[in-house]
Amino acid sequence: MAETTVAEVMAELAALEDPKARKVNEKHGDDHGVNLSKLRALAKRLKTQQELARQLWAMDDTAARLLAILICRPKAFELNELDVMLREARTPKVHGWLVNYVVKKNPHSEELRLAWLADPDPVVASAGWALTTERVAKQPEGLDLEGLLDIIETGMKDAPDRLQWAMNHSLAQIGIEHSGHRVRAMDIGERLEVLKDYPTPPGCTSPFAPVWIAEMVRRKDGT
């Protein structure tokens, strides 16, 4: 499918539209009705096509943008291009996939992390925190973990939902990965009570940081 056109792909996405899937997705703020397994199968068939990915992104359609993320070449995007794309990513799924599947693999990820972390737009800032959480777990050298905990302690309680969720993830990750900061991370979580009452399905770990930290440490220790 090397010569696939945008029109052909959009027609295929339209054929995959499922009203039931759309109804479920819309509950999470995602305005598309394509089953993600079928979307991934289409991406596998298309393979990597950077120009087609850019054209699909420009359609401003959620399913098309998700597909664009799956077929793009993450390292091919310039810093400013990714900044614009993040600000255009209207839905949580597009935002999350863009950060996780593209930005994290791009050579400009650290510059973007720092810029987004300080951005006044809470949705953009949440991407900065998502990238920070990645570094806390995989490349903590050079991070000011105490400073991050200071910011979380003062700003997480009243942060908008998506930013609050991302900051809470960083808080939990610091507590899980860095035993020297674990007591403080747990204490911040206990005092702020963010996501303490979040409904958690059976068999899943609560996103409430003290519970999350304790459970993941228990698993790591094999107890």
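The values are calculated or read from the model by the stated rules, or taken from the named source; none is laboratory data. Everything numeric here is computed off the predicted structure, so don't read it as measured data. Glycine gets a Cβ as well: all are built from the backbone with ideal geometry, and neighbour counts include every protein chain shown. Accessible surface is based on the protein model in full, side chains and every heavy atom, while ligands, DNA and RNA are left aside. Shrake-Rupley method; radii C 1.70, N 1.55, O 1.52, S 1.80 Å.
Kindly rank 32-39, 130-137, 114-121 from highest to lowest mean number of other beta carbons found within 10 Å of each residue.
Going from most to least packed, we get 130-137, 32-39, 114-121.
Which whole-angstrom value gives the distance between the alpha carbon centres of the stretch 36-85 and the stretch 135-201? After rounding, the separation between the Cα centres reads 31 Å.
Solvent-free Debye calculation, one equal scatterer per alpha-carbon of the chain: log10 I(q)/I(0) at 0.08 Å⁻¹ equals -0.33. What's the carbon and sulfur percent of the chain's accessible surface, probe 1.4 angstrom, rounded to a whole number? C and S atoms contribute 54 percent here. Quick check on the stretch 45-89: take the gyration tensor over C-alpha atoms, sort the square-rooted eigenvalues as a ≥ b ≥ c, and tell me if it's rounded (a/c under 1.5), prolate or oblate. It is oblate, given that a/c is not under 1.5 and a/b is not larger than b/c.
Computed from Cα atoms, the angle from the helix 182-192 axis to the main principal axis of the chain rounds to 80 degrees.
When peptides 87-94, 212-219 are ranked by their average number of other Cβ atoms within 10 Å per residue, the highest-first order is 87-94, 212-219. Please give every one of the aspartates and glutamates within straight-line cross-link reach of residue 20, meaning a C-alpha to C-alpha distance under 19 Å, and leave out same-chain neighbours fewer than 8 residues apart. Correct list for residue 20: 12, 30, 31, 61.
Per residue, the accessible area of the stretch 159-223 comes to 54 Å² when a 1.4 Å probe rolls over the protein heavy atoms. Relative to the dominant Cα principal axis of the chain, helix 122-138 is inclined by about 70°. Note on the stretch 1-55: Rg/Rh from Cα positions, Kirkwood definition for Rh, rounded to two decimals, is 1.01.
Would you calculate a helix-derived [θ] at 222 nm for the chain, using -39,500 (n - 2.57) for each DSSP H run of n ≥ 4 and dividing by the full residue count, to the nearest 500? For the chain, the value works out to -19000 deg cm²/dmol. GNM remark for the chain: springs join alpha carbons under 10 Å apart, and the peak mean-square fluctuation among 74, 140, 202 falls on 202.
The long axis of helix 62-71 is offset from the longest Cα principal axis of the chain by roughly 90 degrees. What the Kirkwood sum gives for the stretch 138-201 is a hydrodynamic radius of 12.1 Å, with every pair of different alpha carbons counted. With the charge dipole of the chain set up from +1 on Lys and Arg Cβ and -1 on Asp and Glu Cβ about the Cα centre, the Cα lying farthest toward the positive end among the listed residues 169, 132, 205 is that of 205.
The value of relative contact order for the chain, using C-alpha pairs under 8 Å at least six residues apart, is 11 percent. Ellipsoid fit via the Cα gyration tensor, the stretch 104-158: semi-axes of 18, 15, 8 Å, each the root of five times an eigenvalue, largest first. Each Lys and Arg Cβ is given +1 and each Asp and Glu Cβ -1; about its Cα centre, the chain then shows a dipole of about 900 debye. When you count the other C-beta atoms within 10 angstrom of each residue and take the mean per peptide, 100-111, 172-183 line up highest first as 172-183, 100-111.
In this entry, the stretch 58-146 is assigned a mean projected area of 5.8 nm², taken as a quarter of its C-alpha convex hull surface.
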